[in-house]
1. Round to the nearest 10 and report in Å² the accessible area of Trp71, as given by a 1.4 Å probe over the protein chains' heavy atoms.
2. For region 130-169, calculate the relative contact order in percent as a whole number, restricting contacts to Cα pairs under 8 Å that are 6 or more residues apart.
3. Given the peptides 21-31, 145-155, arrange them by the average over their residues of other C-beta atoms within 10 Å, most packed first.
4. Could you give me the ³J(HN,Hα) list for region 148-161, computed from phi with Karplus coefficients 6.51, -1.76, 1.60 and θ = phi - 60°, whole Hz, x at Gly and Pro?
5. Quick one: of Lys8/Lys33; Lys112/Lys132; Lys54/Lys86, which pairs are farther than 27 Å apart, Cα to Cα?
6. Which of the aspartates and glutamates could a cross-linker bridge to Lys87, judged by Cα under 13 Å and excluding same-chain residues fewer than eight apart?
7. So how tilted is helix 136-146 from the main axis of the chain? Cα-based, degrees 0 to 90, rounded to 10.
8. Quick check on the chain: what does the Kirkwood estimate of hydrodynamic radius come out to from the alpha carbon pairs, in Å?
Amino acid sequence: KTLLEKTKDPNAEEAWEDFVSYYHEFMIMVLRKSTIPEKDQDDLVQQILLRLWKAMPDFEFDRNKGRFRTWLSFIIRNVIIDYVRKKKNDKISFVDMSVLPEKEQDFSEIDKKIEMEWQAHIGKLAMETIEKTFSDRAVKAFKMSLNGSPIEEIREFLQVKENSAYRMVKRVKNSFFKEIDTLRSNLEL
C-alpha cells in the first residue's frame with residue numbers, strides 16, 4: 001500500500017505522522033505564497049489536515065475519477081478562501097485580498113500557486129534523499145549542471161576527466177528523477 005492508501009484508515013497513526021511529515025512543509029509554502037500571515041499558518045494547516053482526516057476514508061484512489069493532489073489542492077484552496085473571507089468580513093486588512101478570485105468560479109491563480117509549490121516541494125524532497133545517497137561533490141556537480149554550468153567547469157570542480165564528470169552527473173540525475181517518480185507514486189496517486 002502507498003502512504004495515501006494507508007491514510008484511509010483514520011486510526012493509522014504512523015501513516016498519518018508520515019503523511020504530515022511529507023505534506024506539512026508543502027502546505028506552509030502554499031499558505032506563505034498566498035500571503036497568509038505566519039502567525040495563522042499553523043492553524044490553517046491544522047484545518048486542512050482535519051478536513052483531510054475526516055474525508056480520507058471516503059476518498060477513492062482512482063485516477064479516472066481524479067488525482068489526490070487535485071483533491072488536496074481543492075481543500076487547501078477552500079481553507080485559504082474561507083480564511084480570507086473571514087478576515088475581509090472582520091475588516092482586517094493585513095491579508096492580501098488578491099488571493100481571492102474576482103469571480104467565484106475562477107480559482108486558477110490559487111491552483112497555479114499550489115501546483116508550482118508542489119513541484120518545488122517534490123524536487124526538494126528528492127534532493128534531500130539524493131544528498132544522503134551521493135557524495136557532496138557529486139551533488140554539487142549535479143546542481144552545477146542544473147544551473148547551466150558547462151561540463152568543463154564541472155570537470156574542473158570534480159578534478160576528473162570529462163567522461164567521468166558526465167557519468168557522475170548522469171548517475172545523480174538518474175537517481176534524482178527516479179526519486180521524484182517514487183515520491184509521486186507514493187504521494188500523488
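The values are calculated or read from the model by the stated rules, or taken from the named source; none is laboratory data. Because the structure is a prediction, the values reported are computed rather than measured. Please note: Cβ atoms are built from the backbone with ideal geometry, for glycine as well, and neighbour counts cover all protein chains shown. Ligands, DNA and RNA are excluded from the accessible area calculation, which covers all protein heavy atoms including side chains. Shrake-Rupley method; radii C 1.70, N 1.55, O 1.52, S 1.80 Å.
1. Here the accessible area works out near 50 Å².
2. Contact order relative to length: 38 percent.
3. 21-31, 145-155
4. Rounded to whole hertz, the list is x, 5, x, 4, 4, 5, 5, 4, 5, 4, 6, 6, 9, 6.
5. Where the Cα-Cα span goes over 27 Å, the pairs concerned are Lys8/Lys33; Lys112/Lys132.
6. Asp40, Asp96
7. 70
8. Here the Kirkwood hydrodynamic radius works out to 18.8 Å.
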